[in-house]
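Taking it in order: structure first as structure tokens, then the write-up.
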Amino acid sequence: GCVASPLGRMRYTAVATRSFAARWFPNGLDRDALEAAPRVDFDRHDTLQSAFARRHGARHEPPRHVISASAEFAQAITLGLGWGMLLPGQFEEGVTDGSLVVLADDTIEVPLYWQRWNLSSALLDTVTDAVRRTAADSPALG
């Protein structure tokens, strides 16, 4: 086996370009808008956006783009292809310069774990300690 250690929680925030939000969410987040507005999903297993939409009343899936590369996923949102959930560090600059807007104050938190082989290894222990320290010092992990 393996050993899994909790590192924290990644906090995702729903964002879109200002022009996208003005077009698709003129009255804010409501069921009809969330069921119509295109969204960006990372892959077919990505449930963050649908969970967020359901939390805000959506019952049906909207059109979606699937972008399975992290930087390109964020770029697709910043280019206005759809709305999506981004991590801290991926959207603040756009919010500051006015090109992006946060769609709602609530976030979705996802637990993050470090998994390693369950064996005695000084090198693996050193790497594990470095990962834990980095996670503990990261402002992106709650």
- [ ] Express in Å², to the nearest 10, the accessible area of VAL102 obtained by rolling a 1.4 Å probe over the protein heavy atoms while all chains stay in place.
- [x] 60
Open item on the list: What does the C-alpha gyration tensor say about the overall shape of the range 1-118? Classify as rounded when a/c is under 1.5, otherwise prolate if a/b is larger than b/c, or oblate.
Closed with: prolate
Task: Gain upon complete extension [THR96, CYS2; 0.36 nm per residue less C-alpha separation] - done: 29.6 nm
- [ ] Enumerate the calculated ³J(HN,Hα) couplings along the range 103-110 in order (Karplus 6.51 cos²θ - 1.76 cosθ + 1.60, θ = phi - 60°), each rounded to whole Hz, writing x wherever the residue is Gly or Pro.
- [x] 7, 7, 6, 7, 10, 10, 9, 10
- [ ] Would you mind classifying the range 47-98 by shape? Square roots of the alpha carbon gyration tensor eigenvalues, ordered a ≥ b ≥ c; an a/c under 1.5 is rounded, otherwise it is prolate if a/b is larger than b/c and oblate if not.
- [x] prolate
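The values are calculated or read from the model by the stated rules, or taken from the named source; none is laboratory data. All values reported here derive from a predicted model rather than from experimental measurement. These accessible areas exclude ligands, DNA and RNA; they are computed on the full protein's heavy atoms, side chains included. Shrake-Rupley method; radii C 1.70, N 1.55, O 1.52, S 1.80 Å.
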